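> To start, I am sharing the structure in question, which I have written as structure tokens.
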Ligand code: KG4
Ligand code: ZN
């Protein structure tokens, strides 16, 4: 792995400060994450101002460690990729300015990366223990389930995705986080709820899934949260882990149903999953059983590549052709995107400098 050309990735869209080095083949050479859980836990949610301050403190030492790794591995930096959005404005600015200053000082090309596009690149990273199957090419379906977004895409090429369906209210991660808060499980909610949930052999609880009647490949999770709140009012303490299980199962089954309908509608036979909620073991099992029933192949990246990291940002930078551009444009970096560049059933480019869908890039 020594002597490689490397892209430096920087991620600061929410509460993970992360820096990584990735080669053109998706090989991860360095991947450091500082999770700000300790800063936000007392407030039971991410506090934007604290997130920005923590990024300011944590990103520079992570960058120094990455630069030491470049030297140690005798690598060569060929570009910088940084999350441009969507995310928290102040948090994004910390990463953007660090990336901008570093790229300027080193004369390196710089690209702003769509955070959702980065999540969708994660399954194609390679580590010492994980590699995607050889020859996995677009088109395929991609289920993106994170704290702020939940959507099903048809990926046409690695940098162009078509939105097939999305949540009409809460994101799946938000649904996990709100349920964890109702159950007083602490922060971050998703992993806490997964650890707390216990399958009930008698299957006493079942939450009904919200039906989307117009045939769209959409989802809805806000009713589920209300149903949990009402059930908790009547539940005995011993029943709470079973309720958590039923809630987790309802989310997993809703997502599996949409993926199944997407496979049927499009005729695709391969699916990838991405985003923090894709770390959930029950969801991974339910989706994998659903894919087997349809004789479809499911690509499931390791849990630590599903949650926010900078390796996925660096690979999305490579995908954007960063190293070939050989220029940087500070104008591109002035504004963080705080909302997603989504457009229903249209092409959405994952590359902010792409000319194919410029109007879809900023909202
Ligand atoms: O992708 P991500 O790290 O950040 C965003 O881009 O939002 O996703 C974070 C979300 C949070 O809502 C978190 O509770 C959820 O992913 N999450 C999980 C698990 N791990 C993280 N949800 C359910 N089960 C998990 N094991
Ligand atoms: Zn994310």
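The values are calculated or read from the model by the stated rules, or taken from the named source; none is laboratory data. If you're wondering where the values come from, they're calculated on a predicted model, not measured in any experiment. FYI the Cβ positions are ideal-geometry reconstructions off the backbone, even for glycines, and counts take in every protein chain you see.
> Restricting to region 295-309, what's the tally of residues that are within 11 Å of ligand 2 (Cβ to nearest atom), closer than 18 Å to residue 129 by Cα and in a loop (DSSP other than H, G, I, E, B)?
Our first condition is that a residue be within 11 Å of ligand 2 (Cβ to nearest atom); within region 295-309, this holds for 306-309.
Now narrow it down to the ones that are closer than 18 Å to residue 129 by Cα: 306-307, 309.
Next, only the ones that are in a loop (DSSP other than H, G, I, E, B) stay: 307, 309.
Of the residues in that region, 2 qualify.
Residues are listed down the side, and each one gets a yes or a no for (1) part of a strand (DSSP E or B); (2) in contact (Cβ under 8 Å) with a residue 60 or more places away in the chain; (3) buried (at least 24 other Cβ atoms within 10 Å of the Cβ):
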{"position": "8", "(1), (2), (3)": "yes, yes, yes"}
{"position": "20", "(1), (2), (3)": "yes, yes, yes"}
{"position": "25", "(1), (2), (3)": "no, yes, no"}
{"position": "29", "(1), (2), (3)": "yes, no, no"}
{"position": "34", "(1), (2), (3)": "yes, no, no"}
{"position": "42", "(1), (2), (3)": "no, no, no"}
{"position": "53", "(1), (2), (3)": "no, no, no"}
{"position": "56", "(1), (2), (3)": "no, no, no"}
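> Let me ask another. Looking at region 289-307, which of its residues are more than 21 Å from residue 137 (Cβ to Cβ) and more than 19 Å from the chain's Cα centre (by Cα)?
If the condition is that a residue be more than 21 Å from residue 137 (Cβ to Cβ) and more than 19 Å from the chain's Cα centre (by Cα), then 289, 290, 292, 293 are the ones that fit.
> Please state which one of 320, 310 is in contact (Cβ under 8 Å) with a residue 60 or more places away in the chain, more than 13 Å from ligand 1 (Cβ to nearest atom) and buried (at least 24 other Cβ atoms within 10 Å of the Cβ).
Numbers: 310 fails: more than 13 Å from ligand 1 (Cβ to nearest atom).
Just a single option satisfies the conditions, and that option is 320.
> Suppose we filter 263, 287, 228, 283 for residues that are within 16 Å of ligand 1 (Cβ to nearest atom), touching a strand residue (DSSP E or B) at 6+ places or on another chain (Cβ under 7 Å) and either part of a helix (DSSP H, G or I) or at pLDDT 95 or above (or both); which single one remains? Can you show your working first?
Numbers: 263 fails: within 16 Å of ligand 1 (Cβ to nearest atom); 228 fails: touching a strand residue (DSSP E or B) at 6+ places or on another chain (Cβ under 7 Å); 283 fails: touching a strand residue (DSSP E or B) at 6+ places or on another chain (Cβ under 7 Å).
After ruling out the rest, the residue left standing is 287.
> So residue 161 passes all but one of these: (1) at pLDDT below 95; (2) under 18 Å from the mean Cα position of the chain (by Cα); (3) assigned to a loop (DSSP other than H, G, I, E, B). Which condition number does it fail?
Evaluating residue 161 over (1) at pLDDT below 95; (2) under 18 Å from the mean Cα position of the chain (by Cα); (3) assigned to a loop (DSSP other than H, G, I, E, B) leaves (3) as the failure.
> Right, another one. Would you be able to tell me the number of residues in region 114-130 that are more than 13 Å from ligand 1 (Cβ to nearest atom) and not in a helix (DSSP H, G or I)?
The total comes to 6.
Rundown of residues vs (1) out of contact with any strand residue (DSSP E or B) (no Cβ under 6 Å at 6 or more places or on another chain); (2) modelled with pLDDT of 95 or more, yes/no style:
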site: 69; (1), (2): no, yes
site: 75; (1), (2): no, yes
site: 84; (1), (2): no, no
site: 91; (1), (2): yes, yes
site: 95; (1), (2): no, yes
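> Which residue pairs have Cβ atoms under 7 Å apart, sit 6 or more places apart or on different chains, and have a first residue in region 138-154 that is without any contact (Cβ under 8 Å) to a residue 40 or more places away in the chain and more than 14 Å from residue 219 (Cα to Cα) and a second that is more than 15 Å from ligand 2 (Cβ to nearest atom) and in a strand (DSSP E or B)?
138/155; 138/156; 138/157
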